[in-house]
Each structure stands twice: as structure tokens, then as C-alpha cells.
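Down below is the structure, laid out as C-alpha cells.
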Amino acid sequence: MKRFALLICLLPLLFSCREKDRYVTLQGYAQGGVYQVKVNLRGTGKSRVEVQRAVDSILTAIDTTLSGYNKASMLSRFNAGQAVRPNALFMDMYDEAWRWYLRTDGAIDCAAGPLFDAWGFGFKSDSLPSPARIDSLLRGCGMKNLRQDMRAAFSSGGILEPASLLKDPSLPLPVLNYNAIAQGFSADEVALYLYRIGASAMLVNIGEIWCDGLNASGKPWTIGIDRPVDGNNAPGADLAGVMTSEGAPCGVVTSGNYRKYYVRDGKKYAHTIDPRTGYPAENALLSATVVVRSKPGDPTASDADAYATWCMVLGPEKAADLAGKDVDIYLVSAGEDGSMHEWASPGFPLSH
């Protein structure tokens, strides 16, 4: 009887250990940086090695399709004026680009690639373009010049000629840049795979984050928010606060102007370009962290990515108006005296 009682006492401990043993951490390189995935594989029937291979395969497919830095990718070949045979990823991303272009009234414009290149924040090195050049680029690029239905532009065999997307064939060929939503999109694609194999507790970090459920300690995932100080290039080294997921499924993204910038003649030029004006956005907003909640299995890191960029274009006052039922926002702005001012929507789960 004592042995039986001892076995009963030990079973919960053994079961708990087995549960925790199924949490694994996957790491690798993607999109110019390091990705990390933490996931509970209990009940999936998948090994760590199998899942690592699958995640790497997904990210490789995204890189060879949508990366503007991979000169052999489908996107790079399209931007160079070459005909391509679009796959599902290419078409889905184009649809997403149009969704956010329309939703933001042009504040997010994934066909404004030449503007980002001209300012040195795209796929080419340049800086300080002249007003005349900006005016010329504004007329010749942007989603406004493209057909919304990519599939209708296909020729026989599903081939897409870049010129076939143009509304006016006299305009320059389109140049697409998905940096505003690509990392969030990648996190969502990995999360969708994890849901398909039966995982429910996960944190997918590919520069932008999707998380759901609890961590290996049985607590909600926590995510550090970097202080938006120029030169704070080491994530987690200097935090403005910590966001707690509360165990709910959500996309979490921070966008800021404290890492990608340069200074010319004493003036700072940051990477947030307002595609409606052609110039870097000039406002007091230093960083925007956005949480977009959704139901399990419906990841929204791409939406959080787009919202964060939208906030940086709009500035603190208008960005605050974007908070809503499923969208919470934390903004850090610069004061005239060099101080920092914080604002968080009521539902933002922030601690200092």
C-alpha cells in the first residue's frame, strides 16, 4: 500500500517533468538576423529535429521568395524587371500590401521601394536625394500606379511580367519593398505551421513576435521593450518596460527610429519614410509597440508589424487613436527638453 501511495505521489511530478521536457528552443538565421522559437511539442508527435527542419524550410522559402536582400529571390528578380512565376507566398504578400495600403490611406506603401532606396533605407545605398528627385519618384512609384489584382496580370503559364502590373505602361517598372510587414508575416507563417502540428503554447520571434499560451514555467510569455535611445542596438540591454502576454494569443511588434538612421549636417534622418510625402517622417515619436490580439490559430504578427509602422508615420497624437478593441499601443515620444514621454492604451499589459 505504501508503495502504491508513493507511486501515486510521484506520478504528477513525472507527468509535469514530461510536459516541461517537451518545451524546446529552436534557433537559426533568417532575414539578416537570428530567429528564436520556443514551443511546447507535447502531443504533436514531432521531434525537435523535425520541427527545426520544417521551420528552417519555411523561412528559406520566404527568403527565396520575398527577400529584397537576396539577389536571387523572386522579389529581387521581379524588381530587376525580370518575368517571374509567382508562388502563393508572392501573391499573398502582394494582397497584404494592398490591404494595408488601402487601410492606411497610403501611409504604408510597399510599392514605394525607390523612395526607401533614395534615402538609403531600402535595398540600395544612397542618401539625401534632391527635392526634384523626390518629386519624380513620387510620381513614378507607389501602389496607386499598380493593378490590385496580380492574378489578372498573369500571361499564359502563370508568368508575371513586371510591366503587366502597371496601370500606365509609360511609368517606370514597379519596385516592391515589404520591409513594413515581412518579418511579422514570417512569424505568422511559422506559427501557422506550429498550430497545424498541434502545438498551442509558443513564442515565435523573427524580429517580430507571435506568442500564445504559457511558457515552460507555466507563466505567460514576457517580452522586453527596448528603450528608444540612439545607439541602443543590443536588444534587451536597456529596457523601457516589459510586456506580459497574459497567456492570450497576440502579435507583438516594436518599431522605432533609434537604430536605423544617419546624421547629416547635424540633422537626423531615420528609416521611417512617409510614402505620401516622399520624406522621412518628422514627429516626436521615438518608438511604438503594438499588441494585436486574435484567436488561437490566427496569428497577427503581420498586423502588429503594419500597425507599428503606421504609428511611426503618423506621430504620437494620431497613433494613439489607432488603439481599439483588439489593438493596444505603447508609445514613447521625445519632449522638447530631451526627456521621454510614455503613453499606453488602457489595455496594454506593461510593467516597469
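Bear in mind that the values in this text are calculations on the coordinates, not laboratory data. Just so it is clear, the model here is predicted, and its values are computed rather than measured. No Cβ is skipped: glycine too gets one built from the backbone with ideal geometry, and neighbour counts run over all protein chains shown.
In Å, what is the Rg of the alpha-carbon atoms in the chain, and how long is Dmax?
In order Rg, Dmax, the Cα atoms of the chain give 22.2, 90 Å.
Can you tell me how region 29-130 classifies by the Cα gyration tensor, rounded, prolate or oblate, using a/c under 1.5 as the rounded cut?
Here region 29-130 falls in the prolate category.
To the nearest 20 Debye, how big is the dipole of region 79-165 about its Cα centre, given +1 on the beta carbon of each Lys and Arg and -1 on that of each Asp and Glu?
Charge dipole of region 79-165: 120 debye, to the nearest 20.
Pick from Pro86, Pro228, Pro131: which residue has the top mean-square fluctuation in a GNM of the chain where Cα pairs under 10 Å get a spring?
Pro131
Along the charge dipole of the chain, pointing to its positive end and built from +1/-1 on Cβ of Lys, Arg, Asp and Glu, which listed residue (Leu165, Met74, Tyr23) has its Cα farthest out?
Comparing the listed Cα positions along the dipole, Tyr23 ranks first.
Considering only the other residues whose Cβ falls under 11 Å of the Cβ of Ala240, what net charge follows from Lys and Arg at +1 and Asp and Glu at -1?
Cβ neighbours under 11 Å give a net charge of -2.
Over region 173-288, calculate the relative contact order: mean separation of alpha carbon pairs under 8 Å at least 6 apart, over the residue count, as a percent.
18
Listed highest first by mean packing, meaning other Cβ atoms within 10 Å per residue, what order do 196-203, 24-31 come in?
Averaged packing, sorted descending, gives the order 196-203, 24-31.
Return a whole-number percent for the relative contact order of region 79-165, with Cα pairs under 8 Å and 6 or more residues apart as the contact set.
36
Can you give the longest run of the chain that contains no GluC sites (Glu not before Pro) sitting in a DSSP loop with at most 15 other Cβ atoms inside 10 Å?
No qualifying site falls inside 1-245, the longest such stretch.
What does the convex hull of the Cα atoms of region 79-165 come to per residue, in Å³, rounded to a whole number?
99
To the nearest 20 debye, what is the magnitude of the charge dipole of the chain about its Cα centre, counting +1 on the Cβ of each Lys and Arg and -1 on the Cβ of each Asp and Glu?
It works out to roughly 1220 debye.
Take the alpha carbon gyration tensor of region 219-310, find the square roots of its eigenvalues, order them as a ≥ b ≥ c, and report rounded if a/c is under 1.5; if not, report prolate when a/b exceeds b/c, else oblate.
Because a/c hits 1.5 or more and a/b fails to exceed b/c, region 219-310 counts as oblate.
Whole angstrom only: what separates the Cα centroid of region 262-306 from the Cα centroid of region 17-91?
Going from one Cα centre to the other spans 24 Å.
At a Cα cut-off below 19 Å, give the aspartates and glutamates reachable from Lys144, other chains included and same-chain residues fewer than 8 away excluded.
Candidates past the 8-residue exclusion: Asp92, Asp95, Glu96, Asp105, Asp109, Asp117, Asp135, Glu161, Asp168, Asp274.
Note down the relative contact order for the chain as a percent, whole number, built from C-alpha pairs under 8 angstrom at least six residues apart.
15
What number, rounded to the nearest 500 deg cm²/dmol, is the helix-based mean residue ellipticity at 222 nm of the chain, given -39500 (n - 2.57) per DSSP H run of at least four residues and division by all its residues?
Taken over the chain, the calculation gives -10000 deg cm²/dmol.
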